[in-house]
1. Are any of the residues in the stretch 436-456 at pLDDT 90 or above and within 27 Å of the chain's Cα centre (by Cα)?
2. Tally up the residues in the stretch 268-310 that are in a helix (DSSP H, G or I) and either away from ligand 2 (no atom under 16 Å from the Cβ) or over 18 Å from ILE375 (Cα atoms) (or both), please.
3. Cβ-Cβ under 9 Å, sequence separation 6+ or interchain: first residue in the stretch 319-338 and loosely packed, with under 12 Cβ neighbours inside 10 Å, partner assigned to a strand (DSSP E or B). Which pairs?
4. Among helices (runs of 4 or more DSSP H) lying entirely in the stretch 101-192, which contain 1 or more residues that are among the charged types (D, E, K, R) and over 21 Å from VAL22 (Cβ atoms)?
5. Going by the structure shown, is HIS333 away from ligand 3 (no atom under 16 Å from the Cβ) and either in contact with a Cys (Cβ under 9 Å, 6 or more places away or on another chain) or part of a loop (DSSP other than H, G, I, E, B) (or both)?
6. Which residues, taken from the stretch 33-90, are surrounded by fewer than 21 Cβ atoms within 10 Å (Cβ to Cβ), at positive phi, among the small types (Gly, Ala, Ser) and in contact (Cβ under 8 Å) with a residue 24 or more places away in the chain?
7. Those residues that are over 19 Å from LEU5 (Cα atoms) and touching a Pro at 6+ places or on another chain (Cβ under 9 Å), I need them from the stretch 146-169; list them, please.
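The values are calculated or read from the model by the stated rules, or taken from the named source; none is laboratory data. A quick note: this is a predicted structure, and the numbers were derived from the prediction, not measured. Ideal geometry is used to build each Cβ from the backbone, glycine not excepted, and the neighbour counts take in all protein chains shown.
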Amino acid sequence: MLSKLSTVSFSGIETKDVSVEVQIASGLPNFVIVGLPDKSIAESKERIRASFSHVGLTLPPRRIIVNLAPSDLQKEGAHYDLPIALGILAALEVFDKAQLQEYVILGGLSLDALIAPVVGVLAAALMASSSQRGLICPSANSNEASWAGAHLNVLAAPDLVSLVNHFKGACELVAPTPPDVKNKLTPTYGDMRDVRGQSMLKRVFEIAAVGHHNVLMIGPPGAGKSMISQRLMGILPPLSPEEAIETTMIYSLAGMLPEEGLMVQRPFRAPHHSASLVALVGGGIHAKPGEVSLAHNGVLFLDEFPEFSRATLESLRQPLEANTITVSRANQHITYPAKIQLIAAMNPCRCGYYGVPQKECSRAPRCAADYQSKISGPLLDRFDLVVYVPQVPIDDLLPQKKGLLVESSATIQQRVLNAVNFRQQAPTLADDDLLPETQKSLRIFAEKRDLSARSCTRLLKVARSIASLDASVEVRSYHVEEAIHYRYSSPNTYSAIS
Ligand SMILES: Nc1ncnc2c1ncn2[C@@H]1O[C@H](COP(=O)(O)OP(=O)(O)OP(=O)(O)O)[C@@H](O)[C@H]1O
Ligand SMILES: [Mg+2]
Ligand SMILES: [Zn+2]
């Protein structure tokens, strides 16, 4: 007796078709799973046995062979329990096995035959949808599966018995519907209005929001660096539906999805500087996306930037350039998406007050030189904007300053959206189409500072964002000059950085 059905294997957010073949033959009672299963899949035999006995079934005293094909692909994860169990039931002709053909099946099993939630359901659902098949998944993952589109036939079952009853025609499972996520769009971060003074920093953040530029902030304690970073979320354009699906796939694989099964807001990740390299880049024994991927299509905020280990900081170079991160495991490489906007904050020196008027740095200038040198040249090269954030004058902090216009996040976000829309609609001009005056100011500055090609490209990108805020199709020399100002004019006390 033979049955064959489809499940999935994951490499990052990529999916591969895996077929589960079950043969039940006469011979000494035995139950083996072949096809490079990892330990957790090998253990699924015990969960299947226990679930079957819970519902009053016993495995036949025969030879049960389960083959996971292709046989040269390493398989891992907890989602093979359900397809193997269904394969055995189909081979035993408990129901008509032809019914399983049009599904991709994944799910875990508990000892009492409940179907346990698993990771990666949205990616599997999209795979099923693209090959015109349906999906069988745990009911705990049904919200997530429903985001693959209304046309996808989803069977989300709470337990093995209801699934078997469905196939026997005894009791039909109803298709899940996408939950309402509108009420989830309320912001969880503060408003830009709370940030007093710091007008240049706010302008920098507005420009950064238009072009998703990376920002490094250097300044003394309590200047508002952490405060403004959290508020960036309120001025960024909302996630597009495609971005939401991609980000959701990552959170699904990490087992971190909210109940509604969809990421509706850009992620903001702020790992502590003591976070391990694996926590940051991903991988590890159970191959999980790391912080750089959890921040995909959103913001990675690294506070006290030089305090991160050198290995951690250098690992950011790939995602900042390629928008992906590749992690090596025992015998394979896994690539996760990692399109991040990096916002980093640091004090000018370890004690925090180097170069601050009326404050003393006890070990100047070594204190600053040592601290700033932790940021390598190539890493620094990847920041589009590097700004010095001074302490806020007390006058700016006092709330009732007359005539002071403090803009809300909503106002700033509207300008950002206008700029982004303008750029999308304006005819795109190639970089070699620059106005002669713009080329000239760019060349003069690049030669004076001996800029790398990457720095030049990034400078021009910032200038383009500034031009879009100006609703200007052309990048003018004053746009370039403003971009230069926000990247290359930290006070000369910050020699290592500027
Ligand atoms: N520009 C500002 N406007 C209003 N409040 C501010 C401002 N800057 C700082 N504060 C107040 O000071 C607190 C500390 O600011 P924040 O944590 O952002 O400083 P920081 O620059 O990140 O300092 P550190 O270098 O110590 O991390 C804020 O929570 C806020 O209450
Ligand atoms: Mg801070
Ligand atoms: Zn110091």
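1. no
2. Looking only at the stretch 268-310, we keep the residues that are in a helix (DSSP H, G or I), and these are 277-281, 291-294, 305-307, 310.
Now narrow it down to the ones that are either away from ligand 2 (no atom under 16 Å from the Cβ) or over 18 Å from ILE375 (Cα atoms) (or both): 277-281, 291-294, 310.
Final tally of qualifying residues: 10.
3. SER328/GLY283; SER328/ILE334; GLN332/SER11; HIS333/SER11; HIS333/THR326; HIS333/VAL327
4. On the way: elements: 121-130, 142-146, 160-167.
It comes to 142-146.
5. Details: away from ligand 3 (no atom under 16 Å from the Cβ): yes; either in contact with a Cys (Cβ under 9 Å, 6 or more places away or on another chain) or part of a loop (DSSP other than H, G, I, E, B) (or both): no.
Here the answer is no, as HIS333 does not meet what is asked.
6. Answer for the stretch 33-90, where residues must be surrounded by fewer than 21 Cβ atoms within 10 Å (Cβ to Cβ), at positive phi, among the small types (Gly, Ala, Ser) and in contact (Cβ under 8 Å) with a residue 24 or more places away in the chain: just GLY35.
7. Those that are over 19 Å from LEU5 (Cα atoms) and touching a Pro at 6+ places or on another chain (Cβ under 9 Å): SER146, TRP147, ALA150, PRO158.
This table checks each residue for (1) of a type outside the set (Gly, Ala, Ser); (2) surrounded by 24 or more Cβ atoms within 10 Å (Cβ to Cβ); (3) within 16 Å of ligand 3 (Cβ to nearest atom).
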site	(1), (2), (3)
ASP191	yes, no, no
ARG196	yes, no, no
SER199	no, no, no
GLU206	yes, no, no
ALA209	no, yes, no
VAL215	yes, yes, no
ALA223	no, no, yes
PRO241	yes, no, no
